[in-house]
Amino acid sequence: MNPRLPLISAIAGSAALLALGLSGCKSGGGDTIKVGEFASLTGKEATFGTSSHEGTLLAIEEINAKGGVLGKKIELLTEDNQSKAGEPANIVNKLISRDGVVAILGEVASSRSLEAAPIAQAAGIPMISPASTNPKVTEVGDYIFRICFIDPFQGTVMANFATKTLKAGKVAILTDAKSDYSKGLAKYFKEQFAKNGGTLASELDYNGGDKDFKAQLTTIKGAGADAVFVPGYYNDVALIAIQAKELGLGVPLFGGDGWESENLLQVGKDAVEGNYFSTHCSPEDASPKMTAFVAAYKAKYNKTPDAMAALGYDSAYVLADAIQRAGTTEGAKLRDAIAATKDFEGVTGKFSLDAKRDAVKSAAILQIKDGKFRFLETIAP
Ligand code: PHE
């Protein structure tokens, strides 16, 4: 499996289309500033895209209500990639060459950001991922940014959590072999856990979307792990937790930001109770920024925002701030303005972008208690 193969033709196609599309200079002269967003609004990871989109849209509406940027309203063009490989490339091609967007916001899942990033880079259109944590995403090039921390940090945070808080000496790891995010997070976790003197009980794989994890969980049970690290997405994690409980595994499961979804609670129910994961922020944070965001989000959507919603919101504000500072939406100037983002006061905390175009910021650890995500601690970089 090589998910990058179809991309070669996709990129070639985009360059050709762009050469045609740019002649009209559509994005510069119109009466709105067009911003493209690609998100998993449906499909396997539907809650990721829905949350990030809702946060993004709320921010854009607020910005427009205050007059927009450079005297223009921002027009958000959102496309659903159905959580499917192949779609991000199609969509981002379309947004850039057909719609003439000046920037791209998205995606949450690292594999999907990795698919789209080479297209934005080749077109010279800045892309800001709100939530993709795999380091490779921004390594694609100098037009690709993220406003979240990266997995070498998240993996380290969770390895230290395993050692210090869980007091686990021996951990099993269950990785999604189809996800760049999952493979990366497993790797960085392992590196730090070994440094802490921990050992691995076993290391096993599954393919995202699988329904039966009993074989792997039986092996893990036999290997005598103190805890199981599951760096996957919520839909798979919920089933893994249910089957672990059925098999009487009896040790904590813990993971990363991919766990965060109401669906984890609804599907996993008592099987996920007591378990832990790292993420970007908590709506329980009492900062004025978070408090105001939670209130505005609740008023609009009648629910509590999760980390993806907060990151989507911050990504739109970071972009608007950069457009304002650049004084233009021209690609290279906008790129430089985004790169210069410093001490940005976001809902997800105060952060700067580093030389690798990644945000440097704290992680939060949450625990599932009484069917809710409860804030446990903040870990600074
Ligand atoms: N960090 C995950 C990835 O890179 C996506 C994610 C972000 C999921 C935030 C949940 C919350 O794939």
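The values are calculated or read from the model by the stated rules, or taken from the named source; none is laboratory data. These figures come from a predicted structure and were not determined experimentally. Glycine also receives a Cβ, built like all others from the backbone with ideal geometry; neighbour counts cover every protein chain displayed. Keep in mind that these areas ignore ligands, DNA and RNA; they rest on the heavy atoms of the full protein, side chains included. Shrake-Rupley method; radii C 1.70, N 1.55, O 1.52, S 1.80 Å.
Listing for the model above:
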{"item": "Centroid-to-centroid separation of the range 30-90 and the range 248-320 [C-alpha atoms, Å]", "result": "19 Å"}
{"item": "Cleavage-rule hits (trypsin sites (Lys or Arg not before Pro)) in the range 65-121: DSSP loop, at most 10 neighbouring Cβ within 10 angstrom", "result": "Lys66"}
{"item": "Estimated dipole of the chain in Debye, rounded to 20 [Cβ of Lys and Arg +1, of Asp and Glu -1, Cα centre]", "result": "300 debye"}
{"item": "Rounded to the nearest 20 debye, dipole of the range 152-279 from Cβ charges on Lys, Arg, Asp, Glu", "result": "440 debye"}
{"item": "Whichever aspartates and glutamates have a C-alpha closer than 14 Å to that of Lys164, once near sequence neighbours (fewer than 8 apart) are set aside", "result": "Asp226, Glu377"}
{"item": "Listed residues Thr291, Thr78, Thr279, most fluctuating in the chain (Gaussian network, C-alpha, under 10 Å)", "result": "Thr291"}
{"item": "Lys269 accessible area, 1.4 Å probe, all protein chains in place, Å² to nearest 10", "result": "130 Å²"}
{"item": "Dipole of the chain, positive end: most advanced residue of Ala162, Ser179, Phe193 [Cβ charges, Cα centre]", "result": "Phe193"}
{"item": "Area accessible to solvent at Thr50, 1.4 Å probe radius, in Å²", "result": "40 Å²"}
{"item": "Over the range 220-324 - Rg/Rh using Cα atoms and the Kirkwood inverse-distance radius", "result": "1.09"}
{"item": "D (Stokes-Einstein, µm²/s), Kirkwood Cα radius, the range 152-279, 1.567 mPa s at 4 °C", "result": "92 µm²/s"}
{"item": "For the chain, alpha-carbon Rg relative to the globular expectation (2.2 N^0.38 Å, N residues)", "result": "0.97"}
{"item": "Under the span-like rule (Cα at least 24 Å along the axis, Kyte-Doolittle mean at least 0.5), DSSP H helices of the chain", "result": "5-21, 307-326"}
{"item": "Accessible carbon and sulfur surface of the range 152-279 relative to its total accessible area, %, 1.4 Å", "result": "52 percent"}
{"item": "Residue (of Ala244, Ala123, Leu77) at the positive-pole extreme of the chain, dipole from beta-carbon charges", "result": "Ala123"}
{"item": "Evaluated at q = 0.16, 0.23 Å⁻¹: base-10 log I(q)/I(0), Debye formula over Cα of the range 186-248", "result": "-0.54, -1.04"}
{"item": "Radius 14 Å from Cβ of Tyr276, net charge of other residues (Lys, Arg +1; Asp, Glu -1)", "result": "0"}
{"item": "Other-chain or far-sequence residues with amide H under 5 Å of Cys281's (modelled H)", "result": "Ala364"}
{"item": "Qualifying trypsin sites (Lys or Arg not before Pro) for the range 315-381 [loop in DSSP, other Cβ within 10 Å: at most 11]", "result": "Lys342"}
{"item": "Relative contact order of the range 333-381, pairs being alpha-carbon contacts under 8 Å that are 6 or more residues apart, as %", "result": "23 percent"}
{"item": "Amide H contacts of Thr42 (H built 1.01 Å from N, under 5 Å, at least 5 apart or other chain)", "result": "Asn81, Gln82, Ser83"}
{"item": "Solvent exposure, largest accessible area first (probe 1.4 Å, DNA, RNA and ligands not counted), of Leu58, Leu76", "result": "Leu76, Leu58"}
{"item": "Cut-off under 5 Å, modelled amide H: who pairs with Lys34 long-range", "result": "Glu75, Val102"}
{"item": "Ranking by accessible area, most exposed first, for Thr47, Thr378 with a 1.4 Å probe", "result": "Thr378, Thr47"}
{"item": "Within the chain, percent of DSSP bridges classed antiparallel, to nearest 5", "result": "35 percent"}
{"item": "Point-to-point label distance, Asp210-Glu273, nm (Cα→Cβ direction, 7 Å offset)", "result": "2.7 nm"}
